[in-house]
Every structure is written in C-alpha cells, then in structure tokens.
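Take a look at the structure set out below.
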Amino acid sequence: MKRGLAIVFALILVLALVPGLAAQKKVTVWCWDPAFNIYSMKQAAAVYAKSHPDFQLDVVEIPDAEITTKITAGLQAGGQGLPDIYLCQDFRLEQTLQDYPKGFVDLKAAGIDFAKFAAYKVGPMTVGKGVYGIPFDTGSTGLWLRADYLKAAGLKPESYQKAMTWSEVMKLGEIVKAKTGKPLIAYENDSFDTLRIMVQSAGGQFFDDKGNLAIRTDVVKKSLEILKQCYDKGLFYTSEGWGNWVSSINNDQAAGFLNAIWMIGTVKSKPENKGKWMVVPTPKLEGIKGASNASNNGGSSWLVCAQGPNKDLAIDFLKGSWASSSPDALEFYNTILKGCGAMGTFLPSQKGSNYTAKDEFFYGNQAVYKDFAAWMANVPALRYTPNYQTMRTALFNATLLYFQGKIKTIDEAITAAENEYKQTVSQ
Amino acid sequence: MNKRGPYYRYLNRFGWLCVAPAMVFFTCFMLYPILSSLYYVTRKWRGATDSFVGLGNFVRMANDRIFQQAVGHNFVYMAIQIPLMIFLALILAVILNQGIGRLRGVFRTVFFLPCVTSLVACAVLFKILLQTNGLLNNLLISGLILKEPISWLGTPFWANVAIILAMTWRWTGYNMVFFLVGLQNIDTEIYEAAEVDGATKRLQFFKITMPLLVPVILFSAVTSTSGTMQLFDEPNILTTQGGPANATMTASLYIYRQAFVINSDFGYATAMSYVVVLIAGVFAYAQMRLLGNKERKL
C-alpha cells in the first residue's frame, strides 16, 4: 500500500515537470505602452515569424514602474518568474547592470554588431567589453503647440514654426493665456521630463565625470529660474501622475507641452485633434554657453534576462529583427516610425521613406519625422550613472516646493535636492 | 489521568498530524523569513551584492530625514483620521440603528461596500476625481463654493487631506458594522429608563451609547492603528509615490521604495521594518492595556 502511494506521488511529480522540460517556441516580453512599444514589438515579431513560422511572441503589458519592481523581485529570487526580454528605460540601464551584473545576456558576445547602433545608446549598456541590450528608440524633443489655440488668440501659427528662445515662448504663452485662457504648457508636477529637456538642450549634466552629483550649475539654475517664471505667470497647467498629464493634454486643458517624438502615439489617440498639432524646436536657454534648440528625453532598450526560460530563442529573435539589415527589418523600422512615432536607433534604418514623409495628422501636414530627426543630430549625450533615478526624484521634489514658495531661492532648492539625494543613496 | 504523565497531551500523534501542515507553512513562510531577516538587518545591499555593516543601517536611519518624516506622516494620519473615522462610523451606526426603518439593509450595504473593493481601484478612482479638472473641483466650482480649482494632489496640505478622505471613505463603513453589532447588544431598557428621567437624545448618546460602546471603539482603534502604520496603497497610487515632494510618504512606502524601486537595498528596508514593527507593537500594547482596564471597570 505504501509503495503504491509512493509510486503515485512520483508519477505526479514527473507529470508536473514534463511541461517545464518540453522546449517551447515562445518568447515572453514585458513592456508598457500598447500604442508604442508593444505595437513596435509585435511588428518586430511579424518580421521574424516570416522566416520562423512556428515562432510565438507573448507581449505582457506591465506599467513601466512595475516592470522594475517585478524584475528586481525576480532577480532577488534567483531568476524566478522572469521574462525572456524586457524593456528598460535608458536612465535605469546603468543602475540595473551595476546592481545585477549576472542578470542579463551579453549580446555583443552573442554576435550582434553594435557599430550599427547610435553610439550614445550603446554607451550606458556597455559594461567592460560586453553590451547588454538592444537599443530601441530615441527621444528627440520638440515644443508641441496647438495651432487652433494660437489662431484663437489671433496669432499666425506659421510665424511660430521656428527656433525660439524661452523668453519668446513665454511671451507667446502670455498672449495665448490672455486671449484663450489656456496655459501654454501641460506640466507634470512629479516628473523630471521638462527640467531634463531644458538642461540637456544646453549640453548640461547632472553628474560630473566621476559620477558624483553636480547640480549646482548655471544650466540647472537658469532652467529652474525659467520654470518658476512660467509657473508664476500661469503658463503651466499642472497635474500629477503620467495618466493625469496625458488626459490633460488630450482633454484640451493646455495649448501644448514639451516632450519627445514618442508622444505621437498619444496625441494621435485623439483623432478629433487631427490637423491641430504642430511641433516646433525645443526652446533655447538664453545666456548659457552651448545652448541649442534640440534635446532628448526618454528612450529605452531591450534587455535579455540571463535566467529567462527561452533566452536563446530570444537572442535569435532580436538578431533577426531589431538588429537585422534585411529589407524586411528595415521596412519594419520604417513602419513603426509613422505607426507610432518610434524612431529607431539602428543606423541602417534611418533612410526609410517615412523619415521624409508628411503626416496629415499634423497642422499643415508637417513632416514631423524629418524635423525630429534633424533636431536629434546635435544633441549631446546625457550621463546617467546608477543613481540617476534618485537624483531626478530629489530634484523634481525640490522644484515643486520652490514653485509653491515653500523653498524661497534657487540655491536653497538645489541644497534641498542635494540633501534628499544624499539621504536616499547614503553612500 | 496521572497514569499518563504530565506531558501526555504533547505526545498525541493525531494532534501532531492535524497541526503538521500548519506548522510546515508557519516555519517556511513565517519563522524562516523572520529569522533570516535578523541577518539582513546587518547588511547593506545593492542589488546582487551585499556587505556587512553591523548596526550601520540603524545609524543611517537616525540620519534619514525622509524616513523620520514618513513615520511622522503615519502618526498624523493616526491622530486625525482614526478619531474622525470612528466618530463618523458611530454616528452612522446610531442613525442606522434607530432612524431609518426599512432601508436599513440597503444603507448598511452601501456604507460597507467601499472596504471590499480593491485598494488600487479606490486609489485610482480618487485620483481621477481629485484631478485639477476632476469631478470634485468642477462640482465645487459650479456650486460656487470655490472660485479657483484646488490642486488636491499637487500641494502638500491638500494631498494629505486627499489621503485622509480616501481612507475615511474606505473604512468608515467597515467600523460602522462593529458599532451596529455593539449597539444591538445595549439593552433598550436603559434608554427607556433614561427617557423617563427626561434625558434628551443627545444626552443619551453621550452618556449611555458612547460609554457602553467603549470596548468596541477601542477594538476599532487598535485595528485601525496597525492598519494606518501599514498605509501603502493610497500614497503609492493616489498621490503618486508619496508625492508631492514626499509630503505623503509613509513608512511602508519608503521601505518598499528602498527595497524594490530605487536602491535594491533590502538590508536597509528590513532594518526600517523592524523599527515600524516596534512602533506598531508599542501602540498595540498601550491600547490593549487601556482596553483591559476599561473592560474591568464595566
């Protein structure tokens, strides 16, 4: 009787293990935006599936912040429950690779030629001789304006389709606010995007070349000064959290916003706004050396988990799609550019027809992709370091308190940010 | 009895068999984590690497203003939200118990419903309602109560009000149910006697209902205190990770952020958890003592 039971238990165990042993042709991917990176990944899968008909891709939608926590939990648990591929924000790359040196696959060793990718994207994911990811998109920025509100304020939209300084933009904002009551810029209180775009537009940094915090600079001070002026003049429509910020844009609460090309999918998700949006160059910080009318924000990259269930297939899939120069792959890059505003950083792909295409969604059928690509050419790279995330939280917290008058001067705001940074990192 | 010896009951095999599964789970999921956390407390972690720091995590905590403020926020919610909620729950319970006749069941369900819905759903709902152009602001403006919308989630003061609102909305009905049960155990003869003596309804509430419900009130206070010490979802979602500018950061949220979001520092997070458990324990002990005394008096 006892032996019989033992056999039954052993059988159950074996049966439970069998599906785990059987090889699966399925790759699991975690990323966060159905209108953007999920869409792009599915297009990539279609390219690979042409030559590998039994290939299956399982894209799981998880919010960006939760991906980080789930990956952290999985790596801490010795690799349990991890996907094969996940999308990592570029500013988190160095932190992730430093914290978990064995967590991800060296794709250079796996045979991918990284000379074909934009160098500024490959930098943060390089550790020693290895490169631990596939660059996805670029975040070339612009000032997005609603031509219909400019018209309502009695202005000609065409005369603002030019490189402007911040004081010109503030003047424009005051007119629009006075005539239409709309603040010019939708601003997210708990986001670092606007400040980062401003600082990077002048070639500024938040860390020195040794990786120490260095935010007491002229660029940061000037940016905070301009932000505060905009806030005091009522040129910002403020909101909290990404969702509320996006809804303030698509619910016409503001006449524009400052952010990157990847917002195309979001603004297009409101078809009623067709023909109303235009994008002009990022405003320039006057009086700062190296100031320009271009910047970068966001951008993310695909990492392959070393403990993922199907990592070999995942590597082959990335090689055959995102890192492939085949006509199919290049056409795929061309498709996602217009399809959702994903401007790839695979250099051979940047000659696609959509780079010069006009887009009828925009005011005057603006060739936005051409503009964003042209602005991108001159943007200096930002140094992220493993503590970027802590720095940005500390800095946007201090900025908000400075806006609301709870911190009186810019110097005190920077001190507050430095203190919060030190306390959180404690190194 | 004596033949079996004093330890006989410890040798009951069937008894052991019955508790064995529970013991196994307890050892795996309670005892082992608690014991291993004693080791984590002495380490500084950064992802996959960790090093010995001894009591360094506690020194760090003593200098960490964000953590201290976070615990302070927990205390503020305890001091304001719990009395407010208990008072509201009591009033609702009395009204339901006396005033409303046939619709009592409906109202009871309506008030109880918030606490069975998902915390995340509640927080998201409040976040939408409290947007600058959200329903609440629009109602207040069209009702001429406000001229300018309130930035509920963007200013530290109003964000704290929002958290307290959300917590009160969620838990008032839950505590009300306890009070309703308590009220049904109060003998109606006491009220009749009071009425004969000429006591008003208000006097009856403060002199009879409240004192007789003290054990239930204390029970609610104890459970709410430990719940408030663990407050996490509302500041994480409703006010976006303890914002604005850490104004609604709570101890649990900061612990979670140190472990999973910003530093992967599980050692420091564990050390902070010990302090929070200690604080919650002290509160619980104090309230239990209070509860014990009152019960003896009654």
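Rule-based calculations on the coordinates, nothing more; no lab input. Just so it is clear, the model here is predicted, and its values are computed rather than measured. With ideal geometry, Cβ positions are generated from the backbone for all residues, glycine too; neighbour counts draw on all protein chains shown.
What is the gain in length, in nm to one decimal, between A:Glu225 and A:Lys108 on full extension, counting 0.36 nm per residue of separation less the C-alpha to C-alpha distance?
Once the chain is fully extended between A:Glu225 and A:Lys108, it gains 37.7 nm.
Give, as a single signed number, the net charge of other residues whose beta carbon lies under 12 Å from the beta carbon of B:Ala159, with Lys and Arg counted +1 and Asp and Glu -1.
-2
Give the distance, in whole Å, between the Cα centre of the range B:223-290 and the Cα centre of the range A:291-350.
Centre-to-centre (Cα) distance: 40 Å.
For the range B:1-87, just the Cα set please: Rg and Dmax, both in angstrom.
Both quantities, over Cα of the range B:1-87: 22.9, 64 Å.
Quick one: order B:Met210, B:Met176 by neighbouring beta-carbon count within 10 Å, fewest to most.
B:Met210, B:Met176
Starting from the amide H of A:Phe104, placed 1.01 Å from N in the peptide plane, find each other amide H under 5 Å away whose residue is 5 or more places distant or on another chain.
Long-range HN contacts for A:Phe104: A:Ala306.
For the protein assembly as shown, state what percent of all Cα-Cα pairs lands in each successive 20 Å bin, counting from 0 Å until the bin that includes the largest distance.
In order of increasing distance, the bins hold 14, 42, 32, 11, 1, 0 percent.
Among the DSSP beta bridges whose two residues both lie in chain A, what percent are antiparallel, rounded to the nearest 5?
Roughly 65 percent of the beta bridges in chain A run antiparallel, per DSSP.
Take the Cα pairs of the range A:290-369, get the Kirkwood Rh, then feed it into Stokes-Einstein at 4 °C and 1.567 mPa s and tell me D in µm²/s.
My calculation gives 87 µm²/s for D.
Two decimals, Cα atoms only, Kirkwood Rh: what is Rg/Rh over the range A:15-129?
Result for the range A:15-129 is an Rg/Rh of 0.97.
I need two numbers for chain A: Rg to one decimal and Dmax as a whole number, Cα atoms only, in Å.
23.5, 92
Hey, how many Å between the Cα centroid of the range B:33-52 and the Cα centroid of the range B:179-203?
Spelled out, the Cα-based centre of one part sits 57 Å from the other.
Could you sort out which of A:Lys50/A:Lys311; A:Lys121/A:Lys289; A:Lys222/A:Lys358; A:Lys319/A:Lys358; A:Lys42/A:Lys358; A:Lys50/A:Lys338 sit more than 27 Å apart by Cα distance in this structure?
Beyond 27 Å between Cα atoms: A:Lys222/A:Lys358; A:Lys319/A:Lys358.
What is the projected area of the convex hull of the Cα atoms of the range A:256-315, averaged over all directions, in nm²? Walk me through the numbers on the way to the answer.
Working: hull surface 31.3 nm².
Mean projected area of the Cα convex hull: 7.8 nm².
In whole Hz, with x marking every Gly and Pro, tabulate ³J(HN,Hα) for the range A:157-163 from phi via Karplus 6.51 cos²θ - 1.76 cosθ + 1.60, θ = phi - 60°.
x, 4, 6, 9, 7, 7, 6
Arranged by the count of other C-beta atoms within 10 angstrom, fewest first, what order do A:Phe206, B:Phe75, B:Phe111 take?
Details: A:Phe206 26, B:Phe75 14, B:Phe111 22.
Ranking A:Phe206, B:Phe75, B:Phe111 by Cβ neighbours within 10 Å, fewest first, gives B:Phe75, B:Phe111, A:Phe206.
Relative contact order for chain A: what is it in percent, counting Cα pairs under 8 Å that are at least 6 residues apart?
25 percent.
Could you compute the net charge surrounding A:Trp32? Neighbours are other residues with a C-beta less than 9 Å from the C-beta of A:Trp32; K and R count +1, D and E count -1.
My count for the surroundings of A:Trp32 gives -4.
Enumerate the aspartates and glutamates that A:Lys268 could reach by cross-link, defined here as Cα to Cα under 12 Å, with residues fewer than 8 away along the same chain left out.
A:Asp359, A:Glu360
How long is the gain from B:Glu148 to B:Ala284 if the chain were fully straight, where each residue apart is worth 0.36 nm and the alpha carbon distance is subtracted?
44.7 nm
Give me the one-decimal nm value for the distance between modelled label points at B:Ile186 and B:Trp16, 7 Å along each residue's Cα-to-Cβ direction.
Modelled inter-label distance: 5.3 nm.
Taking H as built 1.01 Å from N, whose amide H comes closer than 5 Å to the amide H of A:Tyr237, not counting residues under 5 places away?
Those qualifying (amide H under 5 Å, at least 5 residues apart or on another chain) are A:Ile185, A:Ala186, A:Tyr187.
Over the range B:61-181, one equal point on each Cα, no solvent: what is log10 I(q)/I(0) by the Debye formula at q = 0.11, 0.22 Å⁻¹?
With no solvent term, the Cα-only Debye profile gives -0.50, -1.21.
Report Rg/Rh for the range B:57-297, rounded to two decimals, where Rg is the Cα radius of gyration and Rh the Kirkwood radius.
Rounded to two decimals, Rg over Rh is 1.04.
Show me, for the range A:25-40, the HN-Hα J-couplings you get by feeding each phi into the Karplus relation (A = 6.51, B = -1.76, C = 1.60, θ = phi - 60°), rounded to Hz, glycine and proline as x.
With the stated coefficients, the range A:25-40 comes to 9, 10, 10, 9, 10, 10, 7, 10, 10, x, 7, 9, 6, 5, 4, 5 Hz.
Let me check I've understood the local charge: for B:Phe58, count other residues with C-beta under 13 angstrom from its C-beta, Lys and Arg +1, Asp and Glu -1. What total comes out?
Its environment carries a net charge of +2.
Could you bin all the Cα-Cα distances of the range A:46-85 into 10 Å bins starting at 0 and give me the percent of pairs in each, rounded to whole numbers?
Values per bin, smallest distances first: 26, 38, 25, 11.
For the range A:106-175 and the range A:19-83, what is the separation of their C-alpha centers, rounded to whole Å?
26 Å
Amide H neighbours of A:Met343 under 5 Å, counting only residues 5+ apart in sequence or on other chains, H built in-plane at 1.01 Å?
Excluding prolines and chain starts, which carry no amide H, the hits are A:Thr138.
Scale the Cα Rg of the range B:209-298 by the rule-of-thumb value 2.2 N^0.38 Å and send over the ratio, two decimals.
Scaled against compact globular proteins, the figure is 1.38.
Which of B:Arg289, A:Arg146, B:Arg102 has the fewest other C-beta atoms within 10 Å, and how do the rest follow up to the most?
Ranking B:Arg289, A:Arg146, B:Arg102 by Cβ neighbours within 10 Å, fewest first, gives B:Arg102, B:Arg289, A:Arg146.
For n ≥ 4 DSSP H runs only, could you compute -39500 (n - 2.57) per run for the protein assembly as shown, divide by its residues and tell me the 222 nm figure to the nearest 500?
-16500 deg cm²/dmol
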